[in-house]
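Working notes, beginning with the structure itself.
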Amino acid sequence: MQGTSMGDKPVISRAICAAAVVLVGLSVAATPAAAQSLGDRFKSLFGGGSSEEKPAPGAPVETTDESDLTCPPVTVRAGASTFKVGAPGKEAAGNDLRYQATISKTARECTINAGQITAKIGIQGRVIAGPAGAPPSVQVPIRVAVVQAGIGEKVIATKAYQTTVSMTEDSSVPFVLVAEDLVYPAPVGAAGDSYVFYVGFDPQALKPEPKPKAPKKK
């Protein structure tokens with residue numbers, strides 16, 4: 001085999017550098033794809049529309065396809081924006097904290113049919129492992145409600161949901177939950193302007209519902 005001449009070395013060096021750049025570029029491009037999969041799912045469900053925990057004052061609201069009825073804004077209920085779980089028998093704080101979940105983004109869609117509104121509420125957040133160590137999977141309980149705000153707040157409809165989050169070696173894992181079956185009567189006139197979708201963590205949703213009492217025997 002013939003030796004490599006001095007004139008060939010710059011060409012070979014440039015080829016090696018080019019190959020290295022391509023490999024680095026491929027590895028960098030591949031990493032965000034997995035990291036963005038949940039975000040892409042969230043955007044695909046709601047067309048990229050999302051809101052932060054509290055909608056900005058004067059922000060436009062979405063409207064239904066079949067009427068000029070507004071789709072209420074989404075707000076994270078005060079005191080229900082974080083869900084913390086501690087070690088058994090311990091307070092969920094300090095070194096006894098196993099994990100905590102937080103809500104980061106929300107989105108909504110509304111459709112109306114025969115006087116009934118069906119809302120689709122998207123919730124995006126994270127589960128963060130604590131010093132006590134998170135289990136392999138955790139149950140995240142969330143409650144969604146449509147409320148008529150004002151003096152004497154009135155709950156129109158409410159429903160609890162759960163999603164399972166698999167904890168990996170990472171200490172922070174994203175999650176997405178989409179509540180697709182919240183149905184309530186369409187408000188009359190301007191009443192809909194005071195409607196709000198409230199979302200938040202609800203630990204009570206993890207408890208099994210009480211069994212209906214058996215009818216008494218005569």
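General observations
- Looking across the stretch 136-190, the residues that are over 19 Å from SER104 (Cα atoms) and touching a Phe, Trp or Tyr at 6+ places or on another chain (Cβ under 7 Å) come down to VAL146, VAL147, GLN148, ILE156, ALA157, PRO187.
- Pairs where the first residue, in the stretch 147-169, is at positive phi and the second is hydroxyl-bearing (Ser, Thr, Tyr), C-beta under 8 Å, 6+ apart: GLY150/SER194
- Residue match in the stretch 137-151 (condition: in contact with a helix residue (DSSP H, G or I) (Cβ under 7 Å, 6 or more places away or on another chain) and surrounded by fewer than 12 Cβ atoms within 10 Å (Cβ to Cβ)): yes
- Residue count, the stretch 67-104 (criterion: touching a helix residue (DSSP H, G or I) at 6+ places or on another chain (Cβ under 8 Å) and open to solvent by less than 30 Å² (accessible area, probe 1.4 Å)): 5
- The sole residue among PHE201, PHE175 that is within 27 Å of ILE151 (Cβ to Cβ), hydrophobic (A, V, I, L, M, F, W, C) and either modelled with pLDDT of 80 or more or open to solvent by 20 Å² or more (accessible area, probe 1.4 Å) (or both) is PHE201.
- Single condition ALA107 does not satisfy, out of (1) open to solvent by 40 Å² or more (accessible area, probe 1.4 Å); (2) in a strand (DSSP E or B): (1)
- Top-ranked residue in the stretch 141-186 [being closer than 30 Å to ALA129 by Cβ and not in a strand (DSSP E or B); ranked as farthest from the chain's Cα centre (by Cα)]: GLU169
- Residues within the stretch 188-198 that are part of a loop (DSSP other than H, G, I, E, B) and open to solvent by less than 20 Å² (accessible area, probe 1.4 Å), tallied: 0
- For GLY130: the one exception among (1) buried (at least 17 other Cβ atoms within 10 Å of the Cβ); (2) out of contact with any Lys or Arg (no Cβ under 8 Å at 6 or more places or on another chain); (3) over 21 Å from ARG77 (Cα atoms): (2)
- Contacts under 9 angstrom Cβ, first residue in the stretch 111-131 being on the phi > 0 side of the Ramachandran plot, partner assigned to a strand (DSSP E or B) and modelled with pLDDT of 90 or more, 6 or more apart: GLY115/PRO185
The values are calculated or read from the model by the stated rules, or taken from the named source; none is laboratory data. This structure is a prediction, so every number in the text was calculated from the model and none was measured. Cβ: placed from backbone, ideal geometry, glycine included. Neighbour counts: every protein chain shown. Heads up: the accessible areas ignore ligands, DNA and RNA and are worked out on the full protein's heavy atoms, side chains in. Shrake-Rupley method; radii C 1.70, N 1.55, O 1.52, S 1.80 Å.
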